[in-house]
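Below is one structure, written out as structure tokens; comments come after it.
Please treat every number below as a calculation from the coordinates, not as lab data. The structure displayed is predicted, hence computed values, not measured ones. Because the Cβ atoms are built from the backbone with ideal geometry, glycine has one as well, and the counts that use them run over all protein chains shown.
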Amino acid sequence: MISDRIKANLTSEFRQSVLAKLGVVLLLSILLMGLFAPVLATHNPHEQGHTNDAGASYPPYGLSDEVPMFEDGDITYHSVDGTSEHLLGTNDIGQDIYSRFLYGARTSLLVGLSGTLLATAMGVPVGLVAGYFGGRVDDGLMRVADVMLAFPSLVLALALMGAFGRGTIGIPDPIVLAGFADGMPETATFPGMVVVVVALVTWVWFARVARGEAMAIRNEEYVKAARSLGASHATIMRRHVLPNSLTPIIVLATIQVAAIILLESSLSYLGFSGTTLSWGYEIQRGYDYLPNQWWIATIPGIGIVLAVIGVNLIGDWLRDALDPNIEGEGGGGAG
Amino acid sequence: MLSTRTSRAKAAEVLADMTEEILRVEGLKTRFFTDEGQVNAVDGVDIAIERGDTYGIVGESGSGKSVTARSIIDLIESPGEITDGRILYRNQEFADGIRDDNPDAVDGAWVDLRGVSSSVRRSLRGSNFSMIFQDPQSSFNPTITVGEQIAEAVEVQRRASANPRSTRARSKEYTLTSLALGTILPSKRYVTPASRERAIELLELVGIPDPVERADEYPHEYSGGMLQRAMIAQALAGEPDVLVADEPTTALDVTIQAQILDLLDDLQEELGMTILLITHNLGVVARMCDRVGVMYAGEIVERGTLEDVFDDHVHPYTRGLLGSVPDLEGASDRLQPIPGNVPSLLDHEMNRRCHFADRCPKAMEACLEHPSEHSARGSDHHAARCVLTRTEYDEARALADGYFDEADRPAGDKHVGPDERDETLDEDRQHPPAETTGGEHQ
Amino acid sequence: MSSGKFFVRRLLQGVFVVWGVVTITFALRALSPGDPVNLIAGQVPDQATRDQIEQDLGLDQPIYVQYFDYLGDLLTGSLGYSYNQRRAVSDIVAQHFAATVELAVAATVVALVIAIPLGVVSATRRNQPADYGATFGSLIGISTPNFWLGIMLILIVATQVGFIPTSGRGIAFHEAVYSIFRYGYVGHLFEWFTYIILPAITLGTYFTALITRLTRSGMVDELGKPYVTATEAKGLPKTLVRYKHVLRNTLIPIITVLGLQLGTLMGGAVITEEVFNWPGLGQTFITALRNGDWPVVQGIVLFIAVAFVVINIFVDALYARLNPQVSDE
């Protein structure tokens, strides 16, 4: 499956490429932030009221803000200084932005990774079967793919969310339950429906790539030989077709993690997510407080950009090293 | 066929004082600076070509013959670079035109092309030198009609002769603005109706039937032979002094090959062109050339008249090449490949010995020194880069069989096949494959 | 001729795609939990009113009857009626589509005008600072969510540049052009420009980055092809080699990618319109979806699907025209 040759390519490409290293560093740090959010957070992300005495939210540490206040019918300006207590400031209702940033990383990556996994699990078998057997099954898949392509992925995702609702799952947080982070939320809200929806929107890319690989491998001599020796279709699929199509699927999956992170942030920006601990949702909150409390919308956006750049850089690295020859159309998605 | 050529070469010798050299290459070195290291694709080549002659450069692929041709016509691109040598071109009108700007590069009617600016060199392309390529299908732009592409070449020449030589290099290039205007206004287009007419005439000249219709067709609608004719038409558009033909028949069927060679022959007679023919096919050389240079590992190892090289060769490599071609006279149609591989041209893998020694059946101790060129058989037009020009082969001083197997391995890993390579090399020490010669760079 | 056959086949495929999209959106409406009767009545109605509304909408019929009724309506050109706007969906689509088309075209123009020169510079000066800049810039471009980019533009403009509005559409393009021809007044066109520039940049950035990447890699491939050397060898001016030959051949396959990316463009338009309060189909779609106004949602999705199919047939035809090798197959 992953031969020594591939490993060697990956390593040498990684050594040569500054960007690949940057990608790994970016993704790893965001991954760690999300993973250990309860430990790294300074405040419970839901806790409100971290404002100064006059009720104004704090700017990031080191900055200060002039806040207009109504007093006896007059507008007066109060200066609010950032505090080290709230490194990245607080939002409109006084929640700690740094802590929410960490939890937002968790949501983004969780949705990105599990959405990609689910889409792979849905698309790859369909694509392999269609490509391997060809004929009607294959025609059917291609027509379905045509239909899915005509849907803008964000539009389809929104329509699905509109129809299915914003179901979430509460997952107990082991770090908090084990007592390592007192005062943090004991269950994490996992936007399960978002994961299902992004998988429904993106599975067809995996099906297309798997189909192309299966079609190519089907005609290889060694597959024909295995067939003539009496190997069953199932065995051939498992032993030959699947392992050989792994490389392009891995590259596609990486690109799709980036696309899904962007899609999730769009959904939550538009209020179709189900959890409030999401970068997109936080940007939506900050939109209403422009331009004065600019940091509320700015900071989570930087999180999205860094995470997506990290994933894209890793995607470029894998693509250069593995040279899977897939079309660029699966990449990107709605920004 | 051989006999007519030989007699012609003899006639050329007789009339030696009436012929004149048109192109002289001296000590040409072209290097490619790749990630794997410096590739010495052309390593000190001397060529002298007389007006109206056909000069053949023959060698295996990767010997640097194609790079030599491209160096002459200034088509070497990064990471390649001509690092040394002179390329002298004799043209009185050209020399007069650029003398004031380039006093150092001009000597009488001779101009050293390495000493003039790239725009001047560019101005020679198409009008003084032109080139035909191995694979016509990939050497035409697939999305533009053949007629239009030939008309472009005509236009290059038409515009060039409209400007006097002295101002040509400085005259404005066709700008992006003109190109943009040309998409809207037909009168601003680069190619004029007159050039289109001429393109059709040229197609007719090279024997393409229905040239008016065929001019509007795309390259993929042509057969290989027809498209090679069209490429020759394109090369003739500028009425060049020197036509460089890089493997002009390699991609074609045998019957078509003969037609294309006939065409080149006829055109040369008619137009008095000089042809530099690059080929690995000795049959083509025998059929076309007056003089021949045999290339190996970036050097010309033997040169002389066709007769010298075919019937009176000195270098064992020439002997080997001739042995590896089906004999035209039919004495033997078995192809005898020369044992061993074309050597690596990577600078750090090249030895200071004779590059052919490891494959040479007559390798001697003297061959461990790099040989310089000496005249062969006492002739002034026949020379070889081989110790055998001066000494006879002596079995007593021969190198033992398998001498290079041991000597070379630690230095270069040259004989490791690509498959073994992956197993044996760790990723820190990535050597390029032995075939990476840079010779057939593109 | 074969191109006619090709066209018919593409058209049939297109009809199938549109049917598929219609069917999926219908299924989503059927699955959705909202109750249209409440929406239409504006409150919880009494039983008689409820029955009346259900009968009018055909909601009392079995689901497959509703489905075929809907298909029948579509075939007669009716997209149905909005639940809470009391208007025909076709009117709503007609009212808003021009704004979206304007925005999409403006974004595409922004993308092409920036991306193609950038891609060319990047490809022709490989591994030089300009190339690194373009490559890194396009990496950021494809990694930035456009709603956040829009908000950042609003933030910068609102604090630094006074005269550019950050919300709304101001004036329609055709009205602005009309006022030039009718009154010789250019001010409206300028006003139009100030309104559209930020949304167009927001929507166009992803495509700028994408096309830059495609142009660069395509041109690098193309520059390595033998015909480029042959064209150089005949002495053609560099401008012509680079643009008439190489760039043209680079852009031909990019056209088809752009056709396929139209979906992404429309998806991007939805969220861009929401950020800039741009009164187009995207904003209408989001509002309808939030309100459970499914006929409008279905109508807009149908419109997008038809646009996608039609434009891609056009793109294929254009591709076949520009690439003679394809038209002969």
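Key figures for this structure:
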| quantity | calculated |
| --- | --- |
| Of the chymotrypsin sites (Phe, Trp or Tyr not before Pro) in the range C:102-167, those whose Cβ has at most 15 other Cβ within 10 Å and which sit in DSSP loop | C:F163 |
| Degrees separating the helix C:129-143 axis from the principal Cα axis of chain C, which is the longest one | 10 |
| ³J(HN,Hα) computed for each position of the range B:121-133 - Karplus, 6.51 cos²θ - 1.76 cosθ + 1.60, integer Hz, glycine/proline x | 4, 4, 5, 7, 5, x, 8, 10, 10, 9, 9, 10, 10 |
| The range C:20-113: trypsin sites (Lys or Arg not before Pro) in DSSP coil with no more than 10 other Cβ atoms inside 10 Å | C:R86 |
| Exercise: per-residue mean of other protein chain Cβ atoms within 10 Å, C:137-144 | 6 |
| Least to most buried among C:K244, A:K21 (fewest other Cβ within 10 Å first) | A:K21, C:K244 |
| Mean separation of Cα contacts under 8 Å, 6 or more apart, over the residue count of chain A: relative contact order % | 24 |
| Ascending count of other beta-carbon atoms within 10 Å, so fewest first, for C:Y227, C:Y195, A:Y103, B:Y174 | B:Y174, C:Y195, C:Y227, A:Y103 |
| A:F190 long-range amide H proximity, modeled H, under 5 Å | A:I169, A:G170, A:I171 |
| Built amide H within the under 5 Å cut-off of B:I132, gap 5+ | B:V244, B:A245, B:D246 |
| Principal-axis tilt of helix C:187-223 within chain C, Cα atoms, nearest 10 degrees | 50 |
| Cα-Cα over 30 Å, subset of B:K29/B:K362; A:K21/A:K224; A:K21/C:K225; B:K65/C:K234; B:K29/C:K238; A:K21/C:K238 | A:K21/A:K224; A:K21/C:K225; A:K21/C:K238 |
| For a label point 7 Å along the Cα-to-beta-carbon line of C:N127, residues of the range A:2-23 with backbone N under 15 Å | A:16-18 |
| Karplus-derived 3J(HN,Hα), 6.51/-1.76/1.60, for each residue of the range A:215-224, Hz, glycine and proline x | 4, 5, 6, 3, 8, 5, 4, 5, 6, 4 |
| Relative contact order, percent, the range B:142-239 [alpha-carbon distance under 8 Å, six or more residues apart] | 47 |
| Local electrostatic count, B:R397, Cβ distance below 12 Å [Lys/Arg +1, Asp/Glu -1] | -3 |
| Label-point separation, A:T42 to B:D311 (7 Å along Cα→Cβ), nm | 9.7 |
| More than 55 angstrom apart: percent of Cα pairs within the protein assembly as shown | 33 |
| Charged-residue dipole, Cβ positions (Lys, Arg, Asp, Glu), chain A about Cα centre, Debye nearest 20 | 2220 |
| Peptide A:250-262, shielding by other chains (average Cβ, 10 Å cutoff) | 1 |
| 0 to 90° range, to nearest 10: angle between helix C:47-57 axis and chain C longest Cα axis | 40 |
| Separation between Cα centres of the range A:196-214 and the range B:232-307, rounded to whole Å | 55 |
| Interchain or long-range residues, amide H under 5 Å from B:V301's placed H | B:V294, B:M295, B:Y296 |
| Relative contact order of the range A:129-251, defined on C-alpha pairs under 8 angstrom at six or more residues apart (%) | 27 |
| Loop-located trypsin sites (Lys or Arg not before Pro) in the range C:111-219 whose Cβ has at most 11 other Cβ within 10 Å (DSSP) | none |
